Each structure stands twice: as C-alpha cells, then as structure tokens.
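Take a look at the structure below.
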Amino acid sequence: MKNFFRKIAFGLKPEEKAPSDPLTWAQKQVETIPEFNWKGKYIFSEKEMREHWIKQRVTEETTFKKKYKNDPEGLRIAEKKLEDDSGAKFWPNNEICIRHAEAVRSDNPVLAKLWYFWTNHFTISDTQRLPSFSTGAYQREFIRANMDKTFETMAIEGTIAWPMIMHLDNKDNIGPKSISGKEDWRKKENEPATINENHARELMELHTVSPKAGYTQEDVMGLACIMTGWRPKWTKSKDQGTDIRFMSKRHEPGKKYVFGKEYKAGKKSLKIAIKDLVNHPSCREFIATKLCRYLITDNPTKEMIAPIIKAWEQSDGHLPEVHKAAIKVAFEYNDKYKKFQNPENWWLQTINMSGATYAYPIPEKKMDKFELGNLISQELREPDRLLKDIGYHPYRSKQPNGYSDLSTDWLSTELIIRRLMYAKRAFHTYKIKDQIDDTIHEKIIRTNFDNPDKILKIVSKAKSNEEKHMILFNLPEVLRA
C-alpha cells in the first residue's frame with residue numbers, strides 16, 4: 001500500500017510513519033481548504049498582482065513604442081530594465097514556491113495534488129505576460145479557493161476571472177448588433193465589432209462538456225454571443241487591467257441558443273448557461289475520466305469512472321465528494337495500475353521522499369535588487385527555470401488545453417535525461433549532513449516501497465550518494481506510482 005501515498009500525494013519523507021488508515025488519511029485532506037503553508041512575505045491577491053501587469057503593459061504601450069520606434073536595441077534594454085523593476089522574473093518563482101510548499105511542507109499533500117489537476121484543467125497559457133504576474137494568483141483565488149465548493153461555482157468563478165477573460169480573448173468579443181458594435185467610429189476607423197468565439201469554444205471543449213457532447217458550431221456561436229460584453233474597460237492609465245464587468249453596450253442583443261435551449265439577452269444568461277453545461281452528462285463523464293487518467297491510468301475503465309459520476313450526481317457536483325470518490329477509486333485500483341508521473345509531480349515526489357530542503361520563504365526584510373536576485377537563485381532554487389527545463393511549467397503551457405496526462409507524452413529520451421539531471425540537482429538540495437549520510441537512501445526506500453530489498457540491491461551498486469539519488473529517482477518503481 002505504500003505506493004498509494006505516491007499515487008495520490010508525493011510519497012513519504014524518509015522517517016515519516018505511514019498512516020494506519022491511508023484512505024481516511026487521504027479523504028480528510030479534501031474536506032476543507034486550509035490557509036497556505038507558505039510563510040513568505042509576498043502573497044498578494046490577483047487584483048494586487050494585476051497592478052504589476054498594468055505597469056509593464058502601460059509603459060510598453062504608451063512610452064516605449066514612441067520612444068524606441070527606430071531603436072530596437074534601446075527597446076530591448078528598456079524592456080529588460082522594466083522587467084526587473086516590475087518583478088517579472090521574481091513573481092513566478094515566488095508563486096511556484098507558494099504552490100510547491102503545499103506539496104512538500106503542508107499537512108494536505110493530497111489536496112495539493114488535486115489542486116494541480118484543476119490548475120491544468122483550467123489552464124492559463126503562456127500569453128500576454130500573464131505567467132509573469134497573474135496566473136499564480138488566479139490558481140490560488142479562483143481554483144484552490146473553490147475546491148470546497150461545487151464544480152459549477154469553480155467554473156463560473158474561473159470563467160469570468162480577469163486572467164481567463166484576457167487569456168481567451170473575451171475582451172475582444174463584442175456583439176456586432178450591440179450599441180457599441182454599431183457606433184459610427186467603427187466604420188470610420190475600419191474596426192468592425194466581431195464575435196470572438198475563443199473563450200466560448202474552450203469553455204465547452206476543455207472546461208465542461210468536451211466534444212463528446214456533440215455540440216455544433218452554432219452552439220459555440222450561441223455561447224459566444226451570450227459571453228459578449230464580459231470584459232475589462234480599457235483606460236489609458238490601466239490599459240485592459242481594470243476589473244471584469246458586464247458591459248451591456250457591447251452585449252449582442254436578442255435570443256441565443258445552446259443545445260437547443262433558448263437564453264435571453266443580458267448579464268444573467270452566462271451563469272445560467274454555465275450551470276446547464278456543468279450539469280450535462282458529458283461534463284460529469286469528462287471530468288471523471290480526466291481524474292482517473294491523472295491519478296490511476298492512461299486508459300480509465302467505465303468501472304473506475306462510475307463511482308465518481310455517482311458522487312457528482314448525489315452531491316450536485318460538490319467537489320470534496322467528487323474528490324473523495326476519485327481517491328477511493330485510486331485506493332481500490334492501487335495494486336492493479338501504475339501511473340507514470342508528470343514532470344512536476346515527479347520533481348515534488350523526489351523532493352518530498354528525500355526530505356530535502358526546498359521552497360524557503362523570503363525573509364521579512366528589505367532587500368535591494370542584487371540581494372533579491374541572489375535570493376531567487378539560491379533560496380528559491382529558481383523553480384521557474386527548473387520547471388521549464390523539465391517540460392512542465394504550470395503557468396506556461398503553450399496551448400489552452402494544458403499539459404497531457406498520457407504517459408507516452410512524457411517518455412521522450414530528452415525528458416528522461418533531464419530527470420536524471422534534476423535528480424542530481426535534487427540531491428544537492430539536502431542539508432549538508434544528509435549528503436554524507438550513507439543510510440539516507442535506505443531510509444527513503446524502506447519508508448516508501450513495499451519491496452525495499454529489490455530496490456536497495458539496485459541502488460547499492462552506485463559509487464556515491466549522488467549517484468544513488470540519480471538511480472533511485474529514475475527507477476520504474478519511482479517514475480510510476
């Protein structure tokens with residue numbers, strides 16, 4: 001059963017005692033949302049973080065375009081300095097440390113692993129500088145904070161959040177027949193109002209019902225018309241950084257239809273439409289399948305999916321009950337299926353099972369830029385660059401469908417070589433005394449595996465503790481939980 005602690009969390013620390021009732025231990029962790037374990041100074045709201053985005057965006061748009069119109073090298077230098085001044089390199093590292101501390105230092109690693117699932121489900125991809133300022137805060141405030149509520153609540157909150165509206169271009173979704181859409185200046189400046197279907201399509205395809213629901217292009221356009229007018233108001237001082245609001249002058253008038261249901265014009269229609277989507281049978285099946293694929297196997301069976309769907313139906317999509325059902329299914333199928341861990345979960349498993357030092361909070365003191373930069377490099381271990389190197393940065397997905405949960409997508413030679421390199425790096429996050437402790441790997445193995453002697457025999461052939469670390473954390477028994 002020790003494998004279960006890696007399947008639904010990140011394994012056990014070298015001298016950690018395995019819970020006597022693993023299923024209860026895991027299920028209790030998803031009942032409530034505790035405060036963050038992170039004790040660093042910088043945990044700012046999405047709205048506060050947006051101010052840094054505004055500073056970067058407005059300066060680039062209003063000052064740099066004119067000042068450096070014919071000076072590309074001057075523009076490059078100015079943009080680099082602006083990045084330093086606005087913290088574009090600092091904030092992603094800080095946010096990842098907040099994120100990772102939940103996996104390796106909190107009492108709720110199971111909740112953390114499921115949080116990572118949902119942040120990938122509601123991906124904010126690498127666009128419009130959102131990863132540098134807003135994505136981490138979005139994942140904290142609109143995903144994790146709603147994990148003790150219904151999926152409907154999470155879907156609504158996530159859909160109309162500023163980062164998601166910006167990410168999927170709903171700011172550009174303006175009804176052609178709306179008041180704004182018919183204004184004379186549009187004709188003069190040749191800027192006709194258009195329906196932008198990006199957000200509506202992803203809301204259906206990726207976030208709720210999936211293509212299996214059989215929606216049509218007309219359904220997508222109907223939902224896109226419902227979503228017209230949900231956007232920030234542009235201002236010269238804040239660009240697109242103001243709060244999201246429903247702007248009726250930009251909303252397409254008239255009735256809309258999605259899956260044959262009629263929706264009236266107006267602000268209320270979006271929440272009603274999302275409620276209908278999340279209560280569609282295809283949505284329940286889609287999410288249940290993804291949970292099983294994330295936790296258990298690439299090819300979930302109907303028998304795995306059914307209990308999760310049942311829990312969804314009985315609780316009206318209450319996420320703690322959905323999560324408990326998924327955990328129980330993972331428990332029941334633990335011995336029959338092994339799941340290849342995605343790069344981020346593997347890294348956190350490597351750190352946690354080692355009991356390694358990682359993700360220190362930033363000291364409560366004022367620092368100049370040099371000190372701050374050095375701190376990011378040394379104390380925070382540069383997690384932003386690390387995650388990019390191993391192929392799984394939670395804020396920098398290239399596509400809105402997030403990262404794959406299929407093992408085949410992570411089995412390339414290059415990515416496996418990088419895991420070897422980072423297993424070596426993980427070894428050096430030990431405290432000094434652990435690096436010279438020749439019993440540390442035996443402790444790790446006996447704590448985390450039911451077949452310790454077999455693994456010890458393999459690892460003991462290594463010539464150094466560093467080499468043992470590289471071998472251990474790239475064995476099939478570790479890569480697959």
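Structure data summary
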item: Segments 210-218, 271-279 sorted - mean Cβ within 10 Å per residue, highest first; result: 271-279, 210-218
item: Between helix 302-315 and the chain: long-axis angle, C-alpha atoms, 0 to 90°, nearest 10; result: 60
item: Spherically averaged projected area of region 1-56 from its Cα convex hull (nm²); result: 6.5
item: Additional length obtainable on full extension of the chain from Glu73 to Ser460, 0.36 nm per residue less Cα span; result: 133.9 nm
item: More than 25 angstrom apart: percent of Cα pairs within region 1-134; result: 45
item: For peptides 221-233, 175-187, sequence by mean Cβ density within 10 Å, most packed first; result: 221-233, 175-187
item: In region 301-347, chymotrypsin sites (Phe, Trp or Tyr not before Pro) in a DSSP loop with at most 14 other beta-carbon atoms within 10 Å; result: none
item: Net charge, Ile174 excluded, C-beta distance under 13 Å - Lys, Arg +1, Asp, Glu -1; result: +2
item: Whole-angstrom gap from region 435-473 to region 20-65, using each part's C-alpha centre; result: 36
item: Under 14 Å, Cβ to Cβ, from Gln56 - net charge with Lys/Arg +1 and Asp/Glu -1; result: +1
item: Value of relative contact order over region 165-277, rounded to a whole percent, pairs C-alpha under 8 Å and six or more apart; result: 28
item: Residues with amide H under 5 Å from that of Phe340, placed H, sequence gap 5 or more; result: Ala481
item: P(r), alpha carbons of region 165-277 - 5 Å bins starting at zero, rounded %; result: 2, 13, 22, 24, 19, 11, 6, 3, 0
item: Correct option for percent of Cα pairs over 40 Å apart [calculated from the coordinates] among (i) 26; (ii) 30; (iii) 22; result: (i)
item: Span from the region 244-262 Cα centroid across to the region 148-186 one, whole angstrom; result: 10
item: Gain on full stretching of the segment that runs from Lys249 to Leu82 - 0.36 nm per residue minus C-alpha separation; result: 56.6 nm
item: Relative contact order (%) - the chain, alpha-carbon pairs under 8 angstrom, separation at least six; result: 22
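Only the coordinates and a few stated rules stand behind these numbers; no lab work does. The structure displayed is predicted, hence computed values, not measured ones. FYI the Cβ positions are ideal-geometry reconstructions off the backbone, even for glycines, and counts take in every protein chain you see.
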